[in-house]
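Working notes for the structure below.
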Amino acid sequence: MNQTTIDPATFAELQATAGSDFVIDLVDTFAEEAPQMLAEMRAAQAAAAAERFRRAAHSLKSNGNTFGALRLGEMARTLELGGLPSSAEGFRAVDALAAELEHALSALKALARSRIE
Amino acid sequence: MPEAIQFGRFEIRFDERQLCADGQAVPLGSRAFDLLAALVERRERLVAKSELLEVVWPGLIVEENNLQVQVSALRKILGPRVIATIPGLGYRFTATLEAPRDATAQAAAIAATTGSAVRLPSPASRARLLIADDNKVNRLLLGRTLELQGHHVVSVDNGREALDRLRSERFDLLLLDLEMPQMDGFAVLEHLASDSALRDLPVIVTSSVEGVAQVARCIELGADDFLHKPVNPVLLKARVGSCLEKKRLRDQQKELIERYATGAAAAEDRRDGMTPGGQRLPATVLCTRLRDFTAYAESEPPEETIELLNIWYTLMFDAVGSQGGAVNRMSGDGLMAVFGAPMPPADPADAPLAAVRAALDMVEMLEIFNAERAAAGKSQLAIGVGIASGDVIAGTTGAPRRAAYTCVGETVNAAAAMEVLATGSARAILIDEATQAAVAGRVATDTVIAAELPVKELAAPVHAVRTS
């Protein structure tokens, strides 16, 4: 899958319907909330709590798709539907998600504040 | 204090405490004037009956009947639409004030009357929506989208709190997420379905759950619609609009059911709970129907028909209520009311007279309404009223709501038969022998012969109440 970090059409549409200023706040909210979701995934993984893990992945998927972070959404979806990963591979998948989240957040912050004239 | 306020052909002169029509003073009782002034001052909102009673009869304990009598009196003068009855809640002044010649002076006058700046009524499309979603980004975005669409939005982050809010405040629609802590969306739907007060609340589920099974389960549990996240704003607007429209129709139906039993029936239920089974007691039954309504409904657009029925029911309910009767059954273009039951009047002989007076009020109100319709180039309406007195079997039948108060028996059948005769003849109000005997000497009546009626012969004497 070869996607840009943020789908420009989705993001532009979000700005158009909710307002650019509002989207700046919304991205900030996501930047505050998303690390908690990720922490919840890791904690659930450590506690072998499958349902908690699935729910946290579900939330990240949902928000990722809202902002046009489609790759992030897709990775979260794979984890949501795949069940609790137990192996080292599973931990690597969550690490990869964390890295993608970081990319997505910095891209979103930049996009939200760049005024398209 | 404004000196005067004008609407239509009427002018209220506050300093003189005088109502004028076309510049001529209209005789109006002091209470009626106070009531009119109170409604005009509060015209931007619905005014509760208790509030009006306090304003018009300050410091006195007054029965609601008195208020209905005054409202009826005002309607006879101002026309039936100027004061709207909001069933179970109160009244509202609906006339538009005259466009002023001097806008500033008029605005100042209005501001002085209301004691504040003029507030515009909120548009009907603006609804109160509750969002339940544990995800903050989703909650904020959905709230923002709906606010931009003109709605008032309240948000909560779990199902438990959503239920608490729904039980303590009025909302028009719930937007419900499925995966939430404390109580998830499915459980909320189950609670709503089993709560008679919230069963009809429209619910749109918004979720990014995968698979049709979950969507199907939501619909089975009573959700009206399902929107996948991220929610498309255009789709959201359409679905919210459609849900609110459905709710409006359901509310109208509920309102009709609420109107099923007015004052007396409600008081009885409060006083000693339900009386299952039934009891035999003397009463007077009134049945009325709009003449040729089926033909009217087929020739007019449905909105016109519904509006007409609403006005007609309002007038008929007022006529019944102001004479101490209780509307017991409604059927499209007809209704049945009972006088003397479930709450017997001080003197049982008063019930027949009250019913006849209610019938006369009905005919008079309809005449005023017809004059308005004639002025608007609309067709004339006519009603037939049948009244019979005797024993009825009355009681609450099983269900916990007062709508289940019923009344059956020979007297009910006799009143229905009188109404059929009246609807098919030139006489507006027909009464049976027992009613005639009770009102003799107090109401002018004529004995009717079979030739006047759509029957070959009469099994029992029928009398007509003179209407003018």
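Compared with the dominant Cα axis of chain A, that is its longest principal axis, helix A:8-18 is turned about 70°. Could you calculate the FRET efficiency of B:V26 with B:T467 from 1/(1 + (r/R0)^6), where r is the beta carbon distance between them and R0 is 25 Å, rounded to 0.05? So the FRET efficiency works out to roughly 0.60.
The gain in end-to-end length when the B:D446 to B:D15 segment is fully stretched comes to 150.5 nm, 0.36 nm per residue minus the alpha carbon separation.
The residues B:Y313, B:Y91, B:Y296, when put in order of fewest to most other Cβ atoms within 10 Å, stand as B:Y296, B:Y313, B:Y91. Remark: A:E80, B:E41, A:E13 ranked as A:E13, B:E41, A:E80, counting other beta-carbon atoms within 10 Å and listing the fewest first. The simple spin-label model puts a point 7 Å past each Cα toward its Cβ; for B:E457 and B:E161 those points are separated by 7.9 nm.
Potential lengthening of the chain between A:A9 and A:K109 amounts to 34.4 nm, from the contour at 0.36 nm per residue minus the alpha-carbon distance. Pairwise inverse Cα distances across chain A, averaged and inverted, put the Kirkwood hydrodynamic radius at 14.4 Å. Computed across the stretch B:128-243, the Kirkwood hydrodynamic radius from all distinct Cα-Cα pairs reaches 13.8 Å. With a threshold of 29 Å on the Cα-Cα distance, the over-threshold entries among B:K49/B:K237; B:K378/B:K456; A:K109/B:K229; A:K109/B:K247; A:K109/B:K136; B:K136/B:K237 are B:K49/B:K237; B:K378/B:K456; A:K109/B:K247. Per residue of peptide B:226-237, the mean number of Cβ atoms on other chains within 10 Å of the residue Cβ is 2.
Net charge dipole, the stretch B:128-243: roughly 360 debye, given to the nearest 20, about the Cα centre with Cβ charges of +1 for Lys and Arg and -1 for Asp and Glu. The fewest-to-most ranking of A:E40, A:E102, B:E298, B:E16 by surrounding Cβ atoms within 10 Å reads B:E298, B:E16, A:E102, A:E40. Here each label is just a point 7 Å from Cα along the line to Cβ, and for B:A371 and B:D347 those points are 3.3 nm apart. Under the combined filter of DSSP loop state and at most 14 neighbouring Cβ atoms within 10 Å, the stretch B:15-52 retains these trypsin sites (Lys or Arg not before Pro): B:R17, B:R45. Summary of the geometry: the stretch B:449-468 and the stretch B:142-211, compared by the centres of their Cα atoms, lie 59 Å apart. Modelled spin labels at A:E33 and A:A88, positioned 7 Å past Cα toward Cβ, are 3.6 nm from each other.
Coordinate-derived values only; no laboratory data. Note that this is a predicted model, so its numbers are computed, not measured. So basically every Cβ, Gly included, is an ideal-geometry build from the backbone, and we count neighbours across all protein chains shown.
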